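The numbers here are math on the coordinates, done by the rules we state, and not lab data. Computed from a prediction, not measured in an experiment: that's the story for all the values here. So basically every Cβ, Gly included, is an ideal-geometry build from the backbone, and we count neighbours across all protein chains shown.
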Amino acid sequence: MTGAEALAATLLTEMQAAGAVPVAADILQPAETLLDLYGEDIRARAYVTHDPVLGEMMLRPDFTVPVVQAHMRGGAEPARYCYAGPVFRKQDGRRAREYLQVGYELFARDDPARADAEVFALFSRLLEGKELRPVTGDIGILKAAVSGLETSIARKSALMRHIWHPKRFRALLERMGGQGPLAEARAELVSNLRAARAEALIAEAGQMVGLRSADEIGARIATLLRDAEAPPIPREQVQAVERLLSLAAPARAALGGMRAQGWAALAPALAPALDRLEARLEALDAAGIDTAHLPFEASFGRITMEYYDGFVFGFLPAREDLPPVATGGRYDALTAVLGQGQAIPAVGGVIRPALLEALT
Amino acid sequence: MSLKLGVPSKGRLMEKTFEWFAERGVQMARTGAAREYAGTVEGVEGVELVLLSASEIPRELAAGRIHLGVTGSDLVRETLADWPSQVWELLPMGFGHADLIIAVPKVWVDVDTLDDLDAVAAAFRAEHGFRLRIATKYHRLVRDYLRAHGVADYQLVDSQGATEGTIRNLTAEAVADITSTGETLRANHLKILRDAPVHCSQATLFAARAADWSGTTPAMRALAAQLGVAVPEGLTGV
């Protein structure tokens, strides 16, 4: 047994002592589910192979998806699961392609704040004494900020779709505020589309080819023309979202700061999300975490952990070129996608024992 | 040991390569029967010509079986993961220009840019229940490009030839392909997105990081001087 395997076994025992049931998952997972969830980008990160009967398969890039699926097929509630085993990720350079992950997942309908705190406090205890910097964040606050913008539902859902793609999110926000190169390109497109009726424009463009129909093209033209009539997102709201994205402070101070900011019309939408953050901080305090010093970064979790939609956390090594030793968060929406109509609030996280071992 | 120089074995790319070297005092020629892939080099000592298919040159460079190679910059970027860790890009040669672009049907009058394509991809997925398909053989380049621009809800489908026809055949909604004049695209009722191309390719001279360079010093120095390129710093043995 290697050091990392021994460490994984110890962590798994601790998680079982915390009430989790150990579960297993196949290494070969159907590719389609993962591709639908993560999009084409997952091909650059996961190993794809082919089965003559089942089609495209992937070497599991994480346990979360199979564990959620197993729970949705008939797990009791509330449920706590733990697991340990190798995952496989394509990497540049010399980073490990195959490495152990030990994870803990909690499915519970009541008191999300306490569930968040339970998972974070457990990880905090398991990683105690190591030279790691904890970071927390909350994707729910970003989503609330977007929903509070004074603009159309179409624009809000476009922004929501790209919350996990920071560069595109920024470009969209800029365009919707009437600024930047995308706004210019859009203005030109709209002026061309105003030149004639949709049917005439399509007929003039030439032969109809492909699956996307004239109706679909016409529908988007209508959407574009409607959108062009809508006023830009007010400047102070764009700035408020940008300020929020760059917020980094100890959790209590961050909460106080977000409450105190005169964030124009965002404030009413943010209030419930900030109440949830406050409830979480109370629960973390009760679990023995010092929230006066716990780092909070509003943008944390926007790139690496695409399916998290609420509380997010990580434990990072001092060396910035090394990957996080542990990450986790809340993923309520993922259970709805995988549950085909059913959903259950869920929060969990993983530890990489090989990275943990290298620290000692 | 002689310095192995891989060049394209046929067609315009070979002719242009031979011309380019000849202009710099290095004469290359194919020898023997027309179908025999062997060649000679005159004008510089200790250089051995290796005639290869342009698409095999990136792999031969990565494996270190040739020291130098001439091929399209697109092929190196597409074939080799983390290409700068495997080859040195010595010199763009100024011919064999072609752009890797993304094209959509001309009737998509509502689409000019990637920003539009991304919005259409979301609507298409909602309407049809699957992700918008982009046909290409340049999977790595196109995926990296779309990820860098934050485009979502698409899928790449493999097309090794006649890519422009996939849209008419209903096996793709858009294509990503190499074009120099755009004629094939127009003939297939397609138009190019207005954003910068995925990659602007041209014939380029590469050097292999993995090759055994010992004993090649005199030949490499002489050739580099004649071509007017700097010898890369990390190149051991030279």
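Please list, in order along segment B:181-194, the HN-Hα scalar couplings obtained from phi with the Karplus expression 6.51 cos²θ - 1.76 cosθ + 1.60 (θ = phi - 60°), rounded to whole Hz, x for Gly and Pro.
For segment B:181-194, the Karplus curve yields 10, x, 5, 4, 4, 4, 4, 9, 6, 10, 9, 8, 4, 7 Hz.
Applying 1/(1 + (r/R0)^6) with R0 = 35 Å to the Cβ-Cβ distance of A:V48 and B:A196, what FRET efficiency is obtained, to the nearest 0.05?
Once the sixth-power term is evaluated, E becomes 0.75.
Sequence-distant or interchain residues sharing an amide H contact under 5 Å with B:V50, placed H: which?
B:L5, B:G6, B:V7
Can you list the lysines whose alpha carbon is less than 19 Å from that of B:K106, not counting same-chain residues fewer than 8 positions off?
B:K191
Can you compute the FRET efficiency between B:M1 and B:E23 using 1/(1 + (r/R0)^6), with r the Cβ-Cβ distance and R0 = 25 Å? Round to the nearest 0.05. Mind showing how you got there, number by number?
Working: r = 27 Å, r/R0 = 1.09.
My answer for the efficiency is 0.35.
Compute the length gained on full extension between A:T13 and A:E236: take 0.36 nm times their separation in residues and subtract their Cα-Cα distance, giving the result in nm to one decimal.
Using 0.36 nm per residue and subtracting the Cα-Cα distance, I get 75.1 nm.
How about segment B:60-154: which chymotrypsin sites (Phe, Trp or Tyr not before Pro) there are in a DSSP loop, with at most 15 other Cβ atoms within 10 Å of their Cβ?
Those satisfying the criteria are B:F95, B:F130.
Rank these for me by crowding, B:D110, B:D212, going from fewest to most other beta carbons within 10 Å. Working shown, then result.
Working: B:D110 25, B:D212 13.
Result, fewest neighbours first: B:D212, B:D110.
Need one number: convex hull volume per residue for segment B:1-63, Cα atoms only, in Å³.
Numbers: hull volume 5.7 nm³, N = 63.
Taking only Cα atoms, segment B:1-63 has a hull volume of 90 Å³ per residue.
Determine which residues of segment B:38-77 fall in the zone a paramagnetic label at B:K10 would reach in this model, i.e. backbone nitrogen under 14 Å from the point 7 Å along Cα→Cβ.
It comes to B:38, B:51-56, nothing else.
Rounded to two decimals, what is Rg over Rh for segment A:151-237 when you use alpha-carbon atoms and the Kirkwood radius?
1.02
Hey, what number do you get for the protein assembly as shown at 222 nm if only DSSP H runs of n ≥ 4 count, each worth -39500 (n - 2.57), divided across all residues, to the nearest 500? It would help to have the intermediate numbers written out before the result.
Values: 24 runs with 246 residues, N = 598.
-12000 deg cm²/dmol, from helical runs alone.
Give the Rg (one decimal place) followed by the Dmax (whole number) of segment A:13-83, computed from C-alpha coordinates and expressed in Å.
Cα radius of gyration and Dmax of segment A:13-83 are 14.2, 42 Å respectively.
With a 10 Å Cβ neighbour count serving as the proxy for reagent exposure, in which order, fewest first, do A:H71, B:H67, B:H97, A:H50 appear?
Least to most surrounded, the residues fall as A:H50, B:H97, A:H71, B:H67.
Output the Kirkwood hydrodynamic radius of chain A, Cα pairs only, in Å rounded to one decimal.
22.6
Which angle between 0 and 90 degrees, to the nearest 10, do you get for helix B:139-148 versus the longest principal axis of chain B when only C-alpha atoms count?
Roughly 60 degrees between the two axes.
Rounding to the nearest 10 and keeping the result within 0 to 90°, find how far the Cα-based axis of helix A:112-126 lies from the longest principal axis of chain A.
Tilt of helix A:112-126: around 50 degrees.
Taking the Cα-to-Cβ direction at A:N192 and at A:A24 and moving 7 Å from each Cα, how far apart do the two end points lie in nm?
Once both label points are built, they end up 5.8 nm from each other.
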